[in-house]
Each structure stands twice: as C-alpha cells, then as structure tokens.
Amino acid sequence: MNDLISEYQHYLVSEKMKSENTVHSYVSDLQNYIYYLNEKQGIDDIRDVDTKTIQKYLAYLKKLGYSPTSTSRALSAIKSFHKFLYLEHRTLENPATNLSSPKLDKKLPTVLSVEEVIKLLDSLDDSTPIHHRNKAMIEMVYGTGLRVSELVGLKLQDLHLTNKMISVKGKGNKERIVEFGDYAESILELYLNEGYKHLNIKKSEYLFLNNRGGKLTTRGVRDIIDRVIKNCALSSKITPHTFRHTFATMLLNEGCDLKCVQELLGHVNLSTTSIYTHLSNDKIKD
C-alpha cells in the first residue's frame, strides 16, 4: 500500500499543486494509517477497508491522545486518499465519503499590539547583516501578512521596490500581488544594500538567506523569531503566524473591507478570513 501513497503524493504535487508542508503532513498521516491497517487490523489490501475500519482508526487515535485538530487533519488526509483511489479506479467504492470531522473549538488567533511590534523591531540594531535580515523579515510578515512558506519562497525578482509591491506565490501556486508601506521599503533597502550583500556568498536568487548563504527554511524562520521574542521577553505563544493575524486584524480595525483582506492574505474562502472579524469586535463597539 506504500506504492499507493507514493502515487497519491505525486498527484498532490503535480495535479493539486499542494504546498510542501501540506504534502508532508498528508503523507505522514497516511503512513500512520497504513501502519494501523497492516499491524492492528491485518489488512494489506486497501480494497478491504470499509467505513467501520476508518471509524475504528479514529477511535484508536483518540485513545492515543490525539487532539480533535490532529484527528481532523488525519481524517482529511484519509478522505482525500480514498477519493483519489476511487477516482483512479483502484477501489470499487469510497468508504470515507460519509465520514464527518470532529467538531473543533474555534480559537481566536493571538495578535500583537503596535507597541509589541515596535519593541521587537527596535531590539534588532543595524550593526550586522543578520540583524538587517531579521528586521526586514519580521517587517515583511507583519507589514504584508505573508505566510512563512511564502516568505522563504520570495526571490529577488518578486520584489518591486519602486512600486512597493511583491509578487507572492501562495498555496496551490496561486499568485497574488501584495503592497507594502514606506517603513518596510526603507528596511528592505537597508537589508539589500548592507546585509544581503554579505550573506549572498552563493549568488542565490532568494531574498532571505541563512548565514551560510543558502535559502532560509520555514523552520529557520521560526527559530529566528523565537530567539528574537525571547530576547524581548514577550509571550512565548507568539509564532510567525501571529504577525499574519496581527496584519489582518489591524487592517479590519482601520476599516479595511473584509474581501480586500481576503485577497491580501490569499484565502480561497471568505469564511477563513471572517475569523478576524471576531477580533475586531471591541474596536467596533468602541
């Protein structure tokens, strides 16, 4: 059955244009699923799986202590996998069709205050190439709402300083244009003129580089922001995605249209963006 996962992985990448992180998560969940079928149920033919088998697996995950969020993600991978097998005529039916995901508590995302963002940026002086990079990186995720995967994927050719715009390739390789302000422009110029020249020892095409001249990874960005936050003595709950949440919330607080925020964030569905309206309620009441 591992051969089927490999075919499905190729399908996600080449046809569904899923991001690297999404593909990795789906494949990891499916490998655990196949292990359960083989070792716990004695099933070595995917055609022998029925709806009850999948329900037993979900109960097994709950027994292992999986959270509703993790279980829901695993079920999404399983449903997508079985749909693929059915459409490719590898199975005669789709046993996951009528299964529904567990209800999830709607947790409002954490956002930063303007003062906290300023404190973060001010903690990075202009004395080293690394500080230039970190400052530009944090300002870009805060000032444009980019996902970390989008940030590390930025190339020099995507940056249009004259027009204060960047071309972003988001989920599913969908492209969008995002604008940035004067402050971000000044920090980017400083990084390109100072820090980038020292870091780009390998003549890379990517905008944000590690100290060896290679492309930064999403893990690398998280580690950098964790260190900056720790040095500022801010909440340990702040993640790179917190800056994206802050960007969206501040736009709504200043009266920006929800549809416009959706486009800037690269959300496919407006319902995804609507979570930020809950964060703006206090401002509306005031």
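The values are calculated or read from the model by the stated rules, or taken from the named source; none is laboratory data. What you see is a predicted model; the values in this text were computed from it and never measured. Please note: Cβ atoms are built from the backbone with ideal geometry, for glycine as well, and neighbour counts cover all protein chains shown. With ligands, DNA and RNA removed, areas are computed over all heavy atoms of the protein, side chains included. Shrake-Rupley method; radii C 1.70, N 1.55, O 1.52, S 1.80 Å.
Numbers at a glance
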{"quantity": "Environment charge at ALA59 (Cβ cut-off 15 Å; Lys +1, Arg +1, Asp -1, Glu -1)", "calculated": "+4"}
{"quantity": "Carbon and sulfur %, accessible surface of the chain computed with the full protein complex present, 1.4 Å", "calculated": "47 percent"}
{"quantity": "Segment ASP126-GLN9, length gained on full extension (0.36 nm per residue, minus Cα span)", "calculated": "37.8 nm"}
{"quantity": "Solvent exposure ordering (accessible area, 1.4 Å, most first) of TYR26, TYR8", "calculated": "TYR26, TYR8"}
{"quantity": "Directionally averaged shadow of segment 85-188, computed from the convex hull of its alpha-carbon atoms, nm²", "calculated": "11.0 nm²"}
{"quantity": "Exposed GluC sites (Glu not before Pro) absent - longest run of the chain, DSSP non-H/G/I/E/B, at most 16 other C-beta within 10 Å", "calculated": "94-204"}
{"quantity": "Computed label-point distance, nm, for sites THR272 and ASP257 using a 7 Å Cα→Cβ extension", "calculated": "2.0 nm"}
{"quantity": "Spacing of the two label points (7 Å from each Cα toward its C-beta) at SER167 and ARG227, in nm", "calculated": "3.3 nm"}
{"quantity": "Per residue accessible area of the chain, 1.4 Å probe, in Å²", "calculated": "57 Å²"}
{"quantity": "Cα long-axis angle, helix 218-232 against the chain (0 to 90 degrees, to the nearest 10)", "calculated": "50 degrees"}
{"quantity": "Length-normalised contact order for segment 42-156 - Cα pairs under 8 Å, 6+ apart - percent", "calculated": "19 percent"}
{"quantity": "Relative contact order of segment 151-229, pairs being alpha-carbon contacts under 8 Å that are 6 or more residues apart, as %", "calculated": "27 percent"}
{"quantity": "Computed over the chain: relative contact order in percent, which uses C-alpha pairs under 8 Å that are six or more apart", "calculated": "17 percent"}
{"quantity": "Per-selection Rg to Rh, segment 187-228 - Cα, Kirkwood hydrodynamic radius", "calculated": "0.98"}
{"quantity": "Trypsin sites (Lys or Arg not before Pro) restricted to DSSP loop in segment 171-241 with at most 15 other C-beta within 10 Å", "calculated": "LYS174, LYS202, LYS203, ARG212, LYS237"}
{"quantity": "Estimated D of segment 163-211 in µm² per second, where Rh is the Kirkwood radius over Cα pairs and Stokes-Einstein applies at 20 °C, 1.002 mPa s", "calculated": "173 µm²/s"}
{"quantity": "Alpha-carbon centroid distance for the pair segment 165-209 / segment 21-78, whole angstrom", "calculated": "40 Å"}
{"quantity": "Restraint check, LYS83/LYS155; LYS135/LYS155; LYS169/LYS259; LYS174/LYS215; LYS119/LYS202; LYS171/LYS197, Cα-Cα greater than 26 Å", "calculated": "LYS83/LYS155; LYS119/LYS202; LYS171/LYS197"}
{"quantity": "Sequence-distant aspartates and glutamates (8 or more away, or on other chains) whose Cα lies within less than 13 Å of LYS16", "calculated": "GLU7"}
{"quantity": "Cα-based helix-to-principal-axis angle, 68-87 vs the chain, degrees rounded to 10", "calculated": "60 degrees"}
{"quantity": "D (Stokes-Einstein, µm²/s), Kirkwood Cα radius, the chain, 1.567 mPa s at 4 °C", "calculated": "61 µm²/s"}
{"quantity": "Tilt relative to the chain, helix 20-39 - C-alpha long axis, 0 to 90 degrees, to 10", "calculated": "30 degrees"}
{"quantity": "MET17 - accessible surface, heavy atoms, 1.4 Å probe, Å² rounded to 10", "calculated": "80 Å²"}
{"quantity": "Leading residue at positive end of dipole, the chain (Cβ point charges), from GLY143, ILE78, GLY172", "calculated": "ILE78"}
{"quantity": "Rounded if a/c under 1.5, otherwise prolate or oblate - segment 7-74, Cα gyration tensor axes", "calculated": "oblate"}
